[in-house]
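The values are calculated or read from the model by the stated rules, or taken from the named source; none is laboratory data. On a predicted model such as this, the values are computed, not experimentally measured, just so you know. With ideal geometry, Cβ positions are generated from the backbone for all residues, glycine too; neighbour counts draw on all protein chains shown.
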Amino acid sequence: MFGRAAPVVEIGHILTGLRCAACGAMDTLWFDLARLLIECRECGTGALLDVGDEEVDE
Ligand SMILES: [Zn+2]
């Protein structure tokens, strides 16, 4: 399906002006387009993006 031979570097997009909620570092958050999550390059904390399709927990 996806022949991914190249390094997965250009898939992410750095989010500038944002601070990591976990470690407090600035400009370390990057948006992983492949997995639709935001991850901090400093501490590795990841958070799934809310894409507007919320699941309802009962
Ligand atoms: Zn962090």
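Can you tell me which residue is modelled with the lowest pLDDT among those in segment 35-58 that are part of a strand (DSSP E or B) and of a type in the set (G, A, S)? Step through it out loud before you land on a result.
Start the filter on segment 35-58 by keeping residues that are part of a strand (DSSP E or B), which leaves 37-40, 46-48.
Keeping just the survivors that are of a type in the set (G, A, S) gives 46-47.
Details: G46: 86, A47: 75.
By that ranking, first place goes to A47.
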How many residues of segment 25-49 are in contact (Cβ under 8 Å) with a residue 12 or more places away in the chain, over 8 Å from the mean Cα position of the chain (by Cα) and near the ligand (Cβ under 9 Å from one of its atoms)? The answer is 6
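Take the residues in segment 13-24 that are of a type outside the set (V, I, T) and part of a loop (DSSP other than H, G, I, E, B); name whichever of them is farthest from the ligand (Cβ to nearest atom).
Of segment 13-24, the ones of a type outside the set (V, I, T) are 13, 15, 17-24.
Next, from what is left, pick out any that are part of a loop (DSSP other than H, G, I, E, B): 15, 17-18, 20-24.
Working: L15: 12, G17: 15, L18: 10, C20: 3, A21: 8, A22: 4, C23: 3, G24: 7 Å.
Checked segment 13-24; the qualifying residue farthest from the ligand (Cβ to nearest atom) is G17.
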